[in-house]
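Asker: My structure is below; once you've seen it, I'll send some questions.
The values are calculated or read from the model by the stated rules, or taken from the named source; none is laboratory data. Fair warning: this is a prediction, and the values are worked out from it, not measured in the lab. Here the Cβ positions follow ideal geometry from the backbone for every residue, glycine too, while neighbour counts run over all protein chains shown. Areas reflect the complete protein model, heavy atoms only, side chains present, ligands, DNA and RNA absent. Shrake-Rupley method; radii C 1.70, N 1.55, O 1.52, S 1.80 Å.
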Amino acid sequence: MLEPRTKHILSEVKSYVIISIGLIIYSFAWAGILIPGNVVGGGIPGVSSLIFYATGGEAGGGIPIGYSYFVINVVLVAIGFFIIGPRFGAKTIYAMAFNSLALTVLQKVIPPDLMGLYDDKLLSAILGGGLCGLGIGFCFWQGGSSGGTDIIAMIVNKYRNVSLGKVIMFCDIVIIGSSIFIFHNVNTIVYGYVTLVMTGFTIDLFLQGNRQSCQLIIISKKYPDIADRIVNQARRGVTVLDGTGWYTKQPQKVLMVFCRKNEAPAIYRIIKEVDSGAFISNASVSGVYGNGFEDLKLKAKKNSKNS
């Protein structure tokens, strides 16, 4: 059995590895699909791509997006560090540095026609936006961020029940719209918005799958052992309810457990090891609020006195 400190270290290492994978996917989407297709996306990479195009682009030796991305993010990361906390700040600083390096390297080594989408802006926008959303989703899943408007989205989400994808979408509209001053073409804005919609949709789809919760109802004569192991091993709370088996007319205990969907298999294994004949019901629930789940973010209602 691993010590708690060792488990924590391994968990943090795993978290950083997953964030790195997400950032590689995100950087590839920009360097391999969006930039070669002259498609402007959202976020700080969108601003960096505009700087790249404005300073000459591929043919004119434009400023690499990794450079300007790093500089712009420094201020935003400092703000996020103080508002969201040091743990978030550490992961975001790592993500910012890693992403800056990945964007710079991939933009140099990836051929512009690697994906064969050089002349297909629509497909570039759809595929690039989807991969951007997938990469950001990996980062959000582990409590990190790729920087920029992602930080703004997480700050807003901390206080209000607004999806991360929607916040990013609204924050990035101005960035994409400003591409008209460089390309002088409305089509570029349209393709940019296609990219933005795909990014937001993919983020929400990814995070919804990882945050989906379920309610387990367990009936077993060995309920004390099952409850103890769920609390100690699965780290989930258990509520013991009083019930009556109507066929036998005998009282019995019923266990109720709320958990993430991806945690259910581990709880199934616990139940099977203790009592293979236990009765189990699994129901998907749309929202679970409280300790260990989502925060219920509502604005306090002001009391008004009748005159």
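Asker: Could you tell me the accessible area of ILE21 in Å² (1.4 Å probe, neighbours in place), rounded to the nearest ten?
Answerer: For ILE21, the solvent-accessible surface is approximately 80 Å².
Asker: Would you please report the Å³ per residue occupied by the convex hull of the alpha carbon atoms in region 137-277?
Answerer: Convex hull of Cα atoms, per residue: 148 Å³.
Asker: While we're here: Binning every alpha carbon pair distance of region 179-220 at 10 Å from zero, what are the percents per bin?
Answerer: Once binned at 10 Å, the Cα pair distances of region 179-220 give 23, 25, 20, 15, 8, 5, 3.
Asker: Related question: Computing the accessible area with a 1.4 Å probe over protein heavy atoms, can you report the carbon and sulfur percentage for the chain?
Answerer: 62 percent
Asker: Give me the dipole magnitude in Debye, nearest 20, for the chain about the Cα centre, with unit charges on the beta carbon: positive for Lys and Arg, negative for Asp and Glu.
Answerer: Rounded to the nearest 20 debye, it is 1380 debye.
Asker: Right, next: Excluding ligands, DNA and RNA, what is the solvent-accessible area per residue of the chain at a probe of 1.4 Å, expressed in Å²?
Answerer: Accessible area per residue: 55 Å².
Asker: Same structure, new question: Fully extended, how many nm does the chain gain between TRP246 and VAL285 (0.36 nm per residue separation, minus their Cα-Cα distance)?
Answerer: Extra length available between TRP246 and VAL285 comes to 11.4 nm.
Asker: Shifting gears a bit: Sorting check: for 228-239, 260-271, which peptide has the highest mean count of neighbouring beta carbons within 10 Å, and how do the rest follow?
Answerer: Put in order of decreasing packing, that is 260-271, 228-239.
Asker: Could I ask something else about it? For LEU101 and SER276 in the same chain, what is the full-extension length gain: residue separation times 0.36 nm, less their Cα-Cα distance, in nm?
Answerer: Gain on extension, LEU101 to SER276, equals 57.8 nm.
Asker: With 20 Å as the cut-off, how large is the P(r) tail for region 23-112, expressed as percent of Cα-Cα pairs?
Answerer: The share of Cα pairs beyond 20 Å in region 23-112 comes to 32 percent.
Asker: May I pose another question? Sorted by average packing, counted as other Cβ atoms within 10 angstrom per residue and highest first, what order do 37-45, 153-161, 177-185 take?
Answerer: The packing order, highest mean first, is 37-45, 153-161, 177-185.
Asker: Can I ask one more? How many percent of Cα pairs in the chain exceed 28 Å?
Answerer: In whole percent, the long-distance tail amounts to 50.
Asker: A further question on this structure: Take the Cα pairs of region 1-63, get the Kirkwood Rh, then feed it into Stokes-Einstein at 37 °C and 0.692 mPa s and tell me D in µm²/s.
Answerer: Result for D is 235 µm²/s.
Asker: Could you order the peptides 72-80, 97-105, 46-54, 23-31 from most to least packed, using the average number of other C-beta atoms within 10 Å per residue?
Answerer: 23-31, 46-54, 97-105, 72-80
Asker: Please compute the length gained on full extension between VAL74 and TYR159, using 0.36 nm multiplied by the number of residues separating them and subtracting their Cα-Cα distance.
Answerer: In short, 28.3 nm is gained.
Asker: Moving on. What whole number of Å gives the distance from the Cα centroid of region 160-202 to the Cα centroid of region 49-67?
Answerer: 20 Å
Asker: Considering Cα pairs under 8 angstrom that are at least six residues apart, work out the relative contact order of the chain and quote it in whole percent.
Answerer: 19 percent
Asker: Using Cα-Cα distances under 8 Å and only pairs 6 or more residues apart, what relative contact order does region 169-293 have, in percent?
Answerer: 30 percent
Asker: With n ≥ 4 as the cut-off for DSSP H runs, can you work out [θ] at 222 nm for the chain, using -39500 (n - 2.57) per run divided by the number of residues, rounded to the nearest 500?
Answerer: Computed ellipticity for the chain at 222 nm equals -19000 deg cm²/dmol.
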